[in-house]
Each structure stands twice: as C-alpha cells, then as structure tokens.
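Coordinate-derived values only; no laboratory data. No experiment lies behind these values; they were computed from the predicted model shown. All Cβ positions, glycine included, derive from the backbone under ideal geometry; neighbour counts span all protein chains shown.
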Amino acid sequence: MSSASAAIPQPGRTKAFLRLVMIEHSVFALPFAYIAALTAMFQLDGNIHWGRLLLVTVCMVGLRTFAMAANRIIDREIDARNPRTAHRELVTGAVSVKSAWTGALIALVVFLASAALLNPLCLALAPVAVIPMVVYPYGKRFTNFPQAILGLAQAMGPVGAWIAITGEWSGQAVILGLAVGVWIGGFDLIYACQDVETDREVGVKSVPARFGIPAAIRGARACHLVTTALFVWYAASTDAGVFFWLGLAVVAGAFVYEHSIVKPHDLSRLNRAFFQVNGFIGIALFACALLDLLVRGLTV
C-alpha cells in the first residue's frame, strides 16, 4: 500500500472525531459569548475588535471540544450500556480512545494558547474554566444534580468573553453567565428524561432518575423562568435598547413553546425542544443583541 493510500482514511477519522464532539452544537454557547464580547466592546470604545473576537471564538470552540471529548472518553462504558448512546464513536470503535485523547489535548492547547494571546487574566483563569468541564461527567456518579455542574461550566463562557475584551471582571457578565448556565442546566434536565430507565439500571445519577420525569420537567420550567428574569436583569443593567428587549420577548415565547411540546407523559418531541428550539434561542437573541448594539452606535 502506498503512502498516499495510507493517508486516505485520515479525513474519515477527523470527521468521526468532529461527530464525537458534536462540533455543530457550539451554536448553543457561542452566541452568548458574542453578546458578552460585543457589549464589552461597545462599552469599551464602541468598536468591534475583530482580532479579539476571533480569539474568543477559538477559545470557546477549543474548550468546548476538549470538554466534549473528555466527556465521551469518561462516559464510554456508560454509553455502551445505553441503547440511545451505544452508537457513539468511542463505543463503536469509529474513534479510538487514543485518538480522542489526542484531539482533546490539542483542543486544550488551542484554548490555552488563545487565552494567553488575549490578556494575562484570561490565561490565569483558563485552568479554572477547565475544571468543571472535567468534573461534569463524573458528577453523574456522585450527585443527583449533575446539571448544576454543567450550568456552572456553561456560565463561564460569557464571563470569559467579557474578560477577554476588557481584562477585568464585570457584574453584567456574571448576570449573563448565570442566565446561560441556568438555561442550559434547565434544558439538560429535559434531555436527561429520555434516559431515566437506563440510568436507574446502570446507576447513573440525575434529577429525572432520582425524582422522576414530572419533577425534572417542573425543575426545567423553574430554571427557564429564572433564566428569563436574569436576561431581563442583564438588559436593564446594560441599558439595552428596544431590539434587545424584542429579542427577550422572542426568547420567552420560545420557552413557552418548548415547554408546551414536552410533557411528562409525552417525550416524543423532546429532540425538537432540545436541538431546534434551544439552538433558535441562542441565535435569535444574538441577532437581536447585535442589531441593538449597532443601532446604539457599535462601529463595525
């Protein structure tokens, strides 16, 4: 076999790794990092700093890729025992554990290098952002509330993006981070409902497995009410304009729709709620926030 022929499978392995980390799901977190970064730029000098925005993007994708790969590696034995996840790449062998660790470590290096290029505080805090990403997959082994750990991990995105631009903490970024964390923790409560029976058999801990699906759905509704309140607080604290408030109205409507199609006794449209509605929420609010900032004077 020639060296050229030997190289042919490489793109397939790369695609398999990208499927493993579900790279397309960056849409859930990136819009809120952009909202934080662009709002910080607006307050800083009113200009979009494209280089910093690119580094924020690389940081977010790098850290998320590391987190997803580590999650899949740590959970591969659990995934093998769950019919819903038994097709995942580490279970089927489409991606080897060695390849997954290689990809995870490359993503981690990319994240740390990008943080170093932003400012000293970003680099100093980068290891702190990594910790909950690794703790989360283990959380389902020792707590009934692993979604809280996931929420904490996701809350760091907007805070980190703000620090990337200004080099300092901001209470406004913390409010937005909390909103994102509670939001993602809430919809993960819904997502976990589909694995209740398997989780109980395997010994995986979660709110639905411990307290039942109706309690998890009620918890998700409460989370999304809190999320909406936090978004309102963020809008008020940043003196947001009419378009951002319009975006919040759209988000509130999406939450209502999401919870109208997912019922404790009917999870048939759960994937629509998880993937479509939540992806729409992030993109819609970002579009409205960007338009609002541009109308208020953010310079491209």
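Quick notes on this structure:
- The set of residues from the stretch 90-106 being aliphatic (A, V, I, L, M) and without any contact (Cβ under 8 Å) to a residue 60 or more places away in the chain comprises 91, 97, 104, 105, 106.
- Only one of the listed residues (180, 226, 174) is crowded, with 23+ Cβ neighbours inside 10 Å and under 18 Å from residue 156 (Cα atoms). That residue is 180.
- Per-region count, the stretch 264-300, residues of a type in the set (D, E, K, R), under 19 Å from residue 247 (Cα atoms) and part of a helix (DSSP H, G or I): 1
- All positions within the stretch 90-146 that are outside any loop (DSSP other than H, G, I, E, B) and over 29 Å from residue 55 (Cα atoms): 90, 91, 92, 138, 139, 140, 141, 142, 146
- Near pairs, Cβ below 6 angstrom, 6+ apart or cross-chain, from the stretch 202-218 (in contact (Cβ under 8 Å) with a residue 24 or more places away in the chain) to any residue that is exposed (fewer than 15 other Cβ atoms within 10 Å of the Cβ) and in a helix (DSSP H, G or I): 209/200
- Search result, residues across the stretch 226-263 that are within 17 Å of residue 182 (Cβ to Cβ), touching a residue at least 24 places away in the same chain (Cβ under 8 Å) and of a type in the set (A, V, I, L, M, F, W, C): 226, 230, 231, 233, 248, 251, 252, 254, 255
- Residue match in the stretch 136-159 (condition: surrounded by 19 or more Cβ atoms within 10 Å (Cβ to Cβ), in contact with an Asp or Glu (Cβ under 6 Å, 6 or more places away or on another chain) and among the hydrophobic types (A, V, I, L, M, F, W, C)): yes
- Residues (in contact (Cβ under 8 Å) with a residue 24 or more places away in the chain, part of a helix (DSSP H, G or I) and over 12 Å from residue 19 (Cβ atoms)) located in the stretch 78-89: 78
- With a requirement of 1 or more residues that are within 16 Å of residue 32 (Cβ to Cβ) and not hydroxyl-bearing (Ser, Thr, Tyr), the helices (runs of 4 or more DSSP H) lying completely within the stretch 195-249 that satisfy it span 213-237.
- Breaking point among (1) within 22 Å of the chain's Cα centre (by Cα); (2) surrounded by fewer than 19 Cβ atoms within 10 Å (Cβ to Cβ), for residue 241: (1)
- Which listed residue, of 157, 167, is touching a residue at least 24 places away in the same chain (Cβ under 8 Å) and over 29 Å from residue 216 (Cβ atoms): 167
- Contacts under 6 angstrom Cβ, first residue in the stretch 50-77 being touching a residue at least 60 places away in the same chain (Cβ under 8 Å), partner among the β-branched types (Val, Ile, Thr), 6 or more apart: 52/165; 70/134
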